[in-house]
Amino acid sequence: MKWNVQRGLLLSCCLLLAACSSQPDAGSAGNWRGYTQTGLASYYADRYHNKRTASGEPYKKSANTAAHMALPFGAMVRVTNLANGKSVVVKVNDRGNFPRGRIIDLSRAAFSSIGNTRSGLLKVKVEVL
């Protein structure tokens, strides 16, 4: 009996801690303001158009959105192509599991506005606004 009570308390504590460790929401995007990062940007394949993103929004290839590993959903980010100086502001609405060196995955529209999609990857600077 004592073992079951201890196990129950341990399970309750674990569940409580898991509930407290959720991703920050867009309201905490201000905590990231001024954060910058440099690396590679890629873009979503067309096959993801209208599929749900991690935030629950559908991916729209014509919208200026992006996936990032850590930035909160709703964060507004300026992405600048380091080769030509062009930049675009995107809203983070998805997560990504990126290969080494990639830091952000842009919608097709966002990527096209700062570089040629035929290149596939761009060296960029990401700045949280």
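The values are calculated or read from the model by the stated rules, or taken from the named source; none is laboratory data. Keep in mind the model is a prediction, meaning the values are calculated, not measured. Neighbour counts run over all protein chains shown; Cβ positions are idealised from the backbone, glycine included.
Here are some notes:
- Gly85 surrounded by fewer than 20 Cβ atoms within 10 Å (Cβ to Cβ), on the phi > 0 side of the Ramachandran plot and not in a strand (DSSP E or B): yes
- Flag if Gly34 is under 15 Å from Glu127 (Cα atoms), over 15 Å from the mean Cα position of the chain (by Cα), assigned to a loop (DSSP other than H, G, I, E, B) and at pLDDT 95 or above: no
- Test: residue in region 66-88 that is at pLDDT below 90 and either of a type outside the set (S, T, N, Q) or touching a strand residue (DSSP E or B) at 6+ places or on another chain (Cβ under 6 Å) (or both): no
Yes/no per residue for (1) of a type in the set (D, E, K, R); (2) assigned to a loop (DSSP other than H, G, I, E, B); (3) surrounded by fewer than 20 Cβ atoms within 10 Å (Cβ to Cβ):
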residue	(1), (2), (3)
Phe73	no, yes, no
Thr80	no, no, no
Asn93	no, no, no
Ala109	no, no, yes
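- On the stretch given as region 95-107, residues that are assigned to a loop (DSSP other than H, G, I, E, B) and surrounded by 14 or more Cβ atoms within 10 Å (Cβ to Cβ) total 4.
- Test result for Lys61, part of a loop (DSSP other than H, G, I, E, B), charged (D, E, K, R) and either in contact with a Phe, Trp or Tyr (Cβ under 9 Å, 6 or more places away or on another chain) or crowded, with 21+ Cβ neighbours inside 10 Å (or both): yes
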